[in-house]
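Have a look at the structure below, then the notes.
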Ligand SMILES: C[S@@+](CC[C@H](N)C(=O)[O-])C[C@H]1O[C@@H](n2cnc3c(N)ncnc32)[C@H](O)[C@@H]1O
């Protein structure tokens, strides 16, 4: 937990935050409405005698009172997919609509790409990209199990992604669920902080900046880009969004989120950020008993 | 390429025989007819979808936009194996579209369904329908739900659920 000490000044009730980071997480699943309605899924869980808790902010997010959520009939049928509660936030903030062209530029293993497809009623195009071929096979497996028929899967570096392979030249919406230092996954992976270093953070931040810029370039004017990470480090969050604001035509916009969260930072370590970054959300583990996440929503302005 | 078929590339299926340029390639019409004739799935079910071939005989179903040909990792889901005597649908496509099926659906009880999902073969001599590829289904929360594809021959139902999809589920 040592590396997290640097966040003491920015996190309210830091002791509660640390205590939450020590506790393991429950088994969260997302109801995959491509395969079954929430109602039918709950009926199937009831029939199997599996107890669950439904998230207040999102009826499609459940915590199952069971050791192996992968060995239920609901999972076998693709009615449910194991996905951490906070990990279901970015697609909701993206607000994809049926028929949209959406780019999920860092998509493997596909939890959010398939959630985007479900939010679109499986109508439209979701280009699910990842630069890691091994992780793409997990993405493909999940997409097929969940019955997402609108996914086009590509294997490329998002930083210099080419749209030439398609007939259109811009996306309506893009999700950048960036590779990151994963501090916020500590409750799921107790060794998440083992290789923590400021050097690592600054090298990942370099990649994140390249990806967010390409995401904005590939999205049409008036379109939406959502930037998210599962880490607390401002260098990988507000500073990356600030880099995008400085270099690409975009602005930070508001969104509603019924989970408890803190506003984005406007200063860190001697650097200041655009005031509108307060509209981003920092979700800490002690606020809703979840993992940690950062989400910012951008509108492309040219 | 001799047969005009490329293992790295997705090619959209021609609508009908008249438009076919690659030998042996299934047509959209034939694929839709197959699902209608074999399983009673109404052709209109597939109106918003396109069908693609990548690799000899492997057909994919897709609902998004894409030009043909296309060199990417995947589009939509694998759907059907053609270029063999008996076409064979995939487990996942049957789970996705099987609720529209009215024929060649074999309803399993709890224990039979559990064995099927675990990949086991089982003797089910009471079945008096067609032999060949069937959709295995069971009741879940009061409605029938497709589990996957089985091959029925000589009184035995062989589970075709791929290894990576098999699960040991509660009875
Ligand atoms: C946080 S994970 C994505 C999780 C995924 N969105 C989900 O919900 O299942 C970040 C992903 O980014 C990929 N990645 C890292 N660098 C990349 C790059 N330059 N271009 C594209 N993908 C990249 C990693 O392989 C990893 O799968």
Query raised in the report: By count of other Cβ within 10 Å, fewest leading, how are A:200, A:243 ordered?
Result: A:200, A:243
Query raised in the report: Tell me, what is the Rg over Rh of the stretch B:86-135, with Rh the Kirkwood radius over Cα pairs?
Result: 0.93
Query raised in the report: Percent of alpha carbon pairs in chain B separated by more than 19 Å?
Result: 57
Query - Convex hull (Cα only) mean projected area of the stretch B:1-45, reported in nm² to one decimal - result: 3.8
Report task. Can you tell me the FRET efficiency between residue A:12 and residue B:47 if r is taken as the Cβ-Cβ distance and R0 is 35 Å, rounded to the nearest 0.05? Result -> 0.05
Query - Estimated Rh, the stretch A:159-299: Kirkwood, alpha-carbon pairs, angstrom - result: 15.6
Query - Spatial separation of Cα centroids for the stretch A:57-121 and the stretch A:244-302, in angstrom - result: 22
**Report entry** Calculated log₁₀ intensity ratio I(q)/I(0) where the Debye formula runs over C-alpha points of the stretch A:56-183, q = 0.10 Å⁻¹
**Finding:** -0.31
Report task. May I have the pair-distance distribution P(r) for the stretch A:139-239, computed from all Cα-Cα distances with 5 Å bins from 0 and rounded to whole percent? Result -> 2, 11, 17, 19, 18, 16, 10, 5, 1
Query raised in the report: Once the Cα atoms of helix B:28-39 and of chain B are each reduced to a long axis, what angle between those two axes, in degrees from 0 to 90 to the nearest 10, is obtained?
Result: 10
Report summary line: With the 8 Å Cα cutoff and a minimum separation of six or more residues, chain B has a relative contact order in percent of 18
Report task. Rounded to whole Å and sorted largest first, list the principal axis extents of the Cα atoms in the stretch A:81-137. Result -> 30, 24, 16
Report summary line: Candidates A:177, A:67, A:289; GNM for chain A (alpha-carbon contacts under 10 Å) flags as most fluctuating A:67
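Per DSSP helix of 4 or more residues, -39500 (n - 2.57); summed, then divided by the residues of chain A. What does that give at 222 nm, rounded to the nearest 500?
Result for chain A, helices only: -8000 deg cm²/dmol.
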Query raised in the report: How big is the gap, in Å, between the Cα center of the stretch B:83-108 and the Cα center of the stretch B:1-70?
Result: 17
**Report entry** Global geometry of the stretch B:104-165, whether rounded, prolate or oblate, following the gyration tensor of its Cα atoms and the 1.5 cut on a/c
**Finding:** oblate
Query - Cα coordinate range in the protein assembly as shown, projected on the principal axes (Å, largest first) - result: 76, 51, 34
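Relative to 2.2 N^0.38 Å, what does the C-alpha radius of gyration of the stretch A:1-76 come to as a ratio? Two decimals please. Each step should come with its number before you reach the end.
Details: Rg = 16.8 Å, N = 76, 2.2 N^0.38 = 11.4 Å.
Relative to the 2.2 N^0.38 Å estimate, the stretch A:1-76 comes out at 1.47.
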Query raised in the report: What is the distance in Å between the Cα centres of the stretch A:1-53 and the stretch A:166-233?
Result: 21
Query raised in the report: With no solvent and one point per C-alpha, what does the Debye sum give as log10 I(q)/I(0) for the stretch B:10-98 at q = 0.14 Å⁻¹?
Result: -0.44
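What is the order of A:81, B:100, B:138, fewest Cβ neighbours within 10 Å to most?
Placing the least packed residue first, the sequence is B:100, B:138, A:81.
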Query - Per-residue Cβ neighbour rank within 10 angstrom, fewest leading, A:95, A:5, B:85 - result: B:85, A:5, A:95
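Taken together, the values in this text are just the output of simple stated rules run on the coordinates, not laboratory data. Keep in mind it's a predicted model, so treat the numbers as computed, not measured. Virtual Cβ from ideal backbone geometry, glycine too; neighbours counted across all protein chains shown.
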